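Have a look at the structure below before the remarks.
The values are calculated or read from the model by the stated rules, or taken from the named source; none is laboratory data. Keep in mind it's a predicted model, so treat the numbers as computed, not measured. Cβ: placed from backbone, ideal geometry, glycine included. Neighbour counts: every protein chain shown. What goes into the accessible areas is simple: the full protein's heavy atoms, side chains included, and nothing from ligands, DNA or RNA. Shrake-Rupley method; radii C 1.70, N 1.55, O 1.52, S 1.80 Å.
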Amino acid sequence: MIHSCTGLRGRQASYRGSVKDFVNCNAKQDAELLHKAMKGIGTYEDTILMLLASRSNNQRQEIKVEYKKAHGKDLVSALKSELGGLFETLVVALMTPPISYDASQLHKALKGVGTDDDVLIEILASRTCAQIKDIVKVYKKECGGKLEKDITGDTSGNFQKLLIMLLQRSNDEGVDDNRIEKDAMELIAAGKGKVGTDEEKFINILGNRSHEHLRLVFDAYKKVSGNDIEDSIEGATTGNLENLMLAVVKCAKSVPAYFAESLYRSMRRAGTDDQTLMRIMVSRGETDMLDIRACFKKMYGASLYTTIQEDTTGDYGKALLYLCGGND
């Protein structure tokens, strides 16, 4: 069941992140507070988590510079030597610039043991064209390879084809009125009455149209066929291609609703999927966390804050709650 949370779209003009610039931030002072928290016997994790979770990413980068100036060493390395476990992973993620973080997550997904398709799907389906362009540049610079080449080497078939299309997509906006009806009819024909679905048609439309255009296509599709596009995809494909197509559809309808569902799934199962939980909380904190929270409440009748509280513990859990930014 997809809940669109469409009512949230119109509010994008105002800032929708939960993490904001800290007023009167003094990077030099913050660097010293962190230094003191790490010095001596025991580490004051509370100071570290409260300070870093209440600064924006740009401010954290300034603190990093001041720390290096004052102490001649890298703040991230210093933090890593003091912390451990999930809290350490989360703190390192918070200290990484957003585009570098996305690039590193993709690199890890491609270069680890086996490919982590879920990470590829999440990032490539949800980021804007401008963000993806930046990720490609940073990936080359910091991960020492070409993202497209690495994806091609690690994936295959129509799944690979759609990933590469998303990587190359050049526009987020714009509607071609003449194509809406045509696209909808092509999708209906592609999914119907054939042995096997014409996946190519689905891929070409999902991979080459703006979110705005796709929303109108999905409306027309439903009007004519009586079905939601998701139902047709679920009935026609399987595995990672199905997951990728569904992610593109969900993000076209509402990115916050897509992330609300991903967060719910990361927690409401046997064992928490901490990597997904952490990745979304870090990467959406300065983007649309307030909208994600509203969608979460609307879709699941519980607040994201309480759900995180029930599912995580310790400094790691506390830091995630700071990033969440409040209870609904």
Practice task
Mind giving me the FRET efficiency for LYS192 and ALA302? R0 is 30 Å, r the Cβ-Cβ distance, nearest 0.05 is fine.
Solution key: 0.20
Handout entry: For segment 237-289, the spread of Cα positions along each principal axis, largest first, Å
Key = 30, 28, 14
Handout entry: Compactness of segment 26-176 - radius of gyration and Dmax, Cα, Å
Key = 18.5, 64
Practice task
DSSP loop (so not H, G, I, E, B), at most 16 other Cβ within 10 Å: list which trypsin sites (Lys or Arg not before Pro) in segment 51-97 pass both filters.
Solution key: LYS73
Exercise for the section: First measure r as the distance between the Cβ atoms of LYS80 and GLU148, then evaluate 1/(1 + (r/R0)^6) with R0 = 25 Å and state the FRET efficiency to the nearest 0.05. Expected result: 0.20
Exercise for the section: Report in % the part of the accessible area of the chain that belongs to carbon and sulfur, leaving out ligands and nucleic acids; probe 1.4 Å. Expected result: 49
Problem - Net length gained if the chain between VAL224 and ASN58 were fully extended (0.36 nm per residue, minus Cα distance) - result: 55.0 nm
Fill in the blank from the handout: Pseudo-spin-label distance SER156 to GLN309, built 7 Å along Cα→Cβ, given in nm, is 4.9
Practice task
Please give, to one decimal in nm, the separation of the simple spin-label points placed at THR238 and GLU173, each 7 Å out from Cα toward the Cβ.
Solution key: 4.2
Completion exercise
For segment 167-246, the Debye formula with one identical point scatterer on each Cα and no solvent gives log10 I(q)/I(0) at q = 0.14, 0.17, 0.25 Å⁻¹ as -0.43, -0.63, -1.33
Completion exercise
Computed over the chain, protein heavy atoms only, probe 1.4 angstrom, the accessible area per residue in square angstrom equals 47
Handout entry: Gaussian network model of the chain, Cα within-10 Å springs - most flexible of ASN208, ASN24, ASN57
Key = ASN24
Exercise for the section: Give a residue-ordered list of calculated ³J(HN,Hα) values for segment 65-72 (Karplus: 6.51 cos²θ - 1.76 cosθ + 1.60, θ = phi - 60°; whole Hz; x for Gly, Pro). Expected result: 5, 5, 5, 5, 4, 7, 10, x
Practice task
May I ask for the Kirkwood hydrodynamic radius of segment 114-192, worked out over all distinct Cα pairs and given in angstroms to one decimal?
Solution key: 14.4
Completion exercise
Violations at 19 Å Cα threshold for listed pairs LYS73/LYS108; LYS39/LYS80; LYS64/LYS146; LYS222/LYS250; LYS68/LYS111 -> LYS73/LYS108; LYS64/LYS146; LYS68/LYS111
Practice task
Using 0.36 nm per residue of separation minus the Cα-Cα distance, give me the extension gain between GLU88 and HIS71 in nm, one decimal.
Solution key: 4.1 nm
Exercise for the section: List the relative contact order of the chain as a percent without decimals, with contacts defined as Cα pairs under 8 Å and 6+ residues apart. Expected result: 22
Exercise for the section: Just subtract the alpha-carbon distance of LYS39 and ASN26 from 0.36 nm times their residue separation and send over the number in nm, one decimal. Expected result: 2.7 nm
